[in-house]
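Working notes, beginning with the structure itself.
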Amino acid sequence: MKFHITTFGCQMNVHDSDWLTRALESRGWEQADEGEAQVYVLNTCSVRDKPEQKVYSELGRIAAHLKRDENVFAAVGGCVAQQVGRGFFERFPFVKLVFGSDGIAGAPNALECIAEGGDDRVALLDFVSIYEERETSEERTVSLPDTRQAFVNIMQGCDNFCSYCIVPYTRGRQKSRLPDVVVEECRALVESGIREITLLGQNVNSFGQDKGGVGVSFADLLYRVAEIDGLHRLRFTTSHPKDIAPEVIRAFGELENLCPSLHLPLQSGSDAVLKAMRRKYTQERYLSIVEGLKEARPDIALTTDLIVGFPGETEADFQETLNMVERVGYESSFSFKYSDRPGVAAVNMEPKVSPEEASERLMRLQTLQNNITKKCLENLVGLETVAFIEGLSRKQNGEETFWKGRDPAGRIVNVAMPESDGLIGMMVPVRILEAKKHSLMGERIGIPW
Ligand code: SF4
């Protein structure tokens, strides 16, 4: 069978789609371009604007392929599938499978069964309370990515119910994987040539604090993964400030391969707004975490998520967000205007901030962030670092070949080097020559390894 997967949304979805690709390939299925596939999988996200409409319009496009081959069928997975569920079957008869994030472990078998004519419609929408292990990691080691970077899921779901977020309703309650299984997966990846691992979860800091926990904390897990011989870079995301333990902060000072970067979503700088968001930390607590991190690892690069125009946010509240952005000095941030998402608590919160006001605040916030980002990058000019090469840079000047790599903090570093097959996945010693708006230019100063 030829299949085509389209992915919307976060890194967790990208990772889920990668896993599904490998699981289908291990059954002899082949990835295909959109025009040639027999099975279409949409892995959906409900965080952004009008998510259902986007999925409906994608399905409308897929419907056109039925003219080419009437046996073509589709599967819809992820958060929108969890919300709309069997409703897809009625509206789009060629949708044969819907699966939520807890149901993905069963998706490859269900697809195979449908393709063989065994089942007409399958819905995998139940939430589970214990993490359901997916097929073993052996398949993933046969298709080692060129970049030698890998993501490893350590948990699924979230228990926090932040008032603006749909995730606990679409991904279910938190369930951690067994630490031994995570460590073994990481070890197998490193043995197969992976040099950088990112541990993934909606709230990694509360790893182990659920039914699936066996008394191993996230800090314990970090130390166990970090000691795998041959692992050069270790990262993790996403990190909820309310759950970050002192041991995790300390790990940044003790673990050499734990990269000096942390994405720590602030969302708002105002205690009143944080309370309405149900974030369960204050500005003061957040700043004390930042202080601890900078003490443990002075070169740590902090990034964040921010929401502007949350219901009830006043100009004074917004000023507190601007103040926090300045005080912390984030290297970069993802900032969004608040918008109502059906089913979340914030929908009923008043007063709403007008769209014009929210846009104006967002612009001020992004201008401030751009200035800070610029300074952070300029401060690195002249320093030496190591770029882990991911591929050719998008920007080429015609005379030289530029390669895109990342420094240990995850910043993009473009380096001019001769064209060569073997550079992807190599570490290249570089000196930073110039700061661009969102990236750095470097020169090679040593032999790639
Ligand atoms: S911590 Fe809050 S924002 Fe993050 S996934 Fe859980 S509910 Fe959503």
For segment 259-340, inverting the pair-averaged 1/r of distinct alpha-carbon atoms gives a Kirkwood value in Å of 13.0
Taking a temperature of 37 °C and a viscosity of 0.692 mPa s, what whole-number D in µm²/s does Stokes-Einstein yield for segment 1-141 with Rh from Kirkwood over alpha carbon pairs?
-> 219
For segment 299-372, what's the radius of gyration and Dmax over Cα atoms, in angstrom?
-> 13.0, 42
For a quick protection proxy, order the peptides 358-369, 409-420 by their average other-Cβ count within 10 Å, most packed first.
-> 409-420, 358-369
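Could you work out what % of the accessible surface of the chain is carbon and sulfur, using a 1.4 angstrom probe and leaving DNA, RNA and ligands out of the count?
Working: 9930 of 20110 Å².
Roughly 49 percent of what the probe reaches on the chain is carbon or sulfur.
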Amide H partners (placed H, <5 Å) of residue 434, local residues excluded | 441
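Restricting to DSSP H runs of at least four residues, report the calculated mean residue ellipticity at 222 nm for the chain, -39500 (n - 2.57) per run over all residues, nearest 500 deg cm²/dmol.
-10000 deg cm²/dmol
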One finds the C-alpha centres of segment 398-427 and segment 152-209 to be spaced, in Å, by 30
Per residue value of the accessible surface for the chain (all protein chains in place, 1.4 Å probe), Å² = 45
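On average over all directions, what projected area in square nanometres does segment 202-308 have, based on the convex hull of its Cα atoms? Write out the running numbers ahead of the final one.
Working: hull surface 28.8 nm².
The orientation-averaged projected area of the Cα hull of segment 202-308 comes to 7.2 nm².
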Under the Cβ-under-4.7 Å rule, which cysteines of the chain stay unpaired?
-> 10, 45, 79, 113, 158, 186, 259, 376
At 7 Å along the Cα-to-beta-carbon direction for both residue 135 and residue 326, put a label point, then send me their distance in nm to one decimal.
-> 5.5
Cα-based Rg of segment 43-106 per 2.2 N^0.38 Å, rounded to two decimals?
-> 1.09
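For segment 273-427, what is the convex hull (Cα atoms) projected area averaged across all directions, in square nanometres? Could the numbers behind the result be given before it?
Details: hull surface 50.1 nm².
Projected area, direction-averaged: 12.5 nm².
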Measuring from label point to label point, each 7 Å out along Cα→Cβ, what is the residue 444 to residue 285 span in nm?
-> 4.9
For segment 293-324 and segment 221-278, compute the distance between their C-alpha centroids and round to whole Å.
-> 16
Descending principal axes extents, segment 177-256, alpha-carbon based, whole Å = 35, 28, 19
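Take each of the peptides 94-102, 332-340, average the number of other beta-carbon atoms within 10 Å over its residues, and list them starting from the highest. If you can, show how the numbers build up before the last one.
Numbers: 94-102: 23.7, 332-340: 17.3.
The packing order, highest mean first, is 94-102, 332-340.
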Given 5 Å bins starting at zero, what is the percent of C-alpha pairs of segment 399-442 in each, up to the one with the largest pair distance?
-> 5, 22, 36, 22, 12, 3
When Rg is the radius of gyration of the Cα atoms in segment 121-262 and Rh is its Kirkwood radius, what does Rg/Rh come to?
-> 0.97
In whole µm²/s, the translational diffusion coefficient that Stokes-Einstein assigns to the chain, given a Kirkwood hydrodynamic radius over C-alpha pairs, 37 °C and 0.692 mPa s, equals 140
Roughly how many nanometres apart are two label points built 7 Å out from the Cα toward the Cβ at residue 113 and residue 354?
-> 5.5
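Return the percentage of antiparallel bridges among DSSP beta bridges fully within the chain, rounded to the nearest 5 %. Before the final figure, lay out the partial values.
Working: 21 of 65 bridges.
The antiparallel fraction comes to roughly 30 percent.
The values are calculated or read from the model by the stated rules, or taken from the named source; none is laboratory data. This structure is a prediction, so every number in the text was calculated from the model and none was measured. Note that we place each Cβ from the backbone using ideal geometry, even for glycine, and neighbour counts take in every protein chain shown. These area figures cover heavy atoms from the full protein model, side chains too; ligands, DNA and RNA do not enter into them. Shrake-Rupley method; radii C 1.70, N 1.55, O 1.52, S 1.80 Å.
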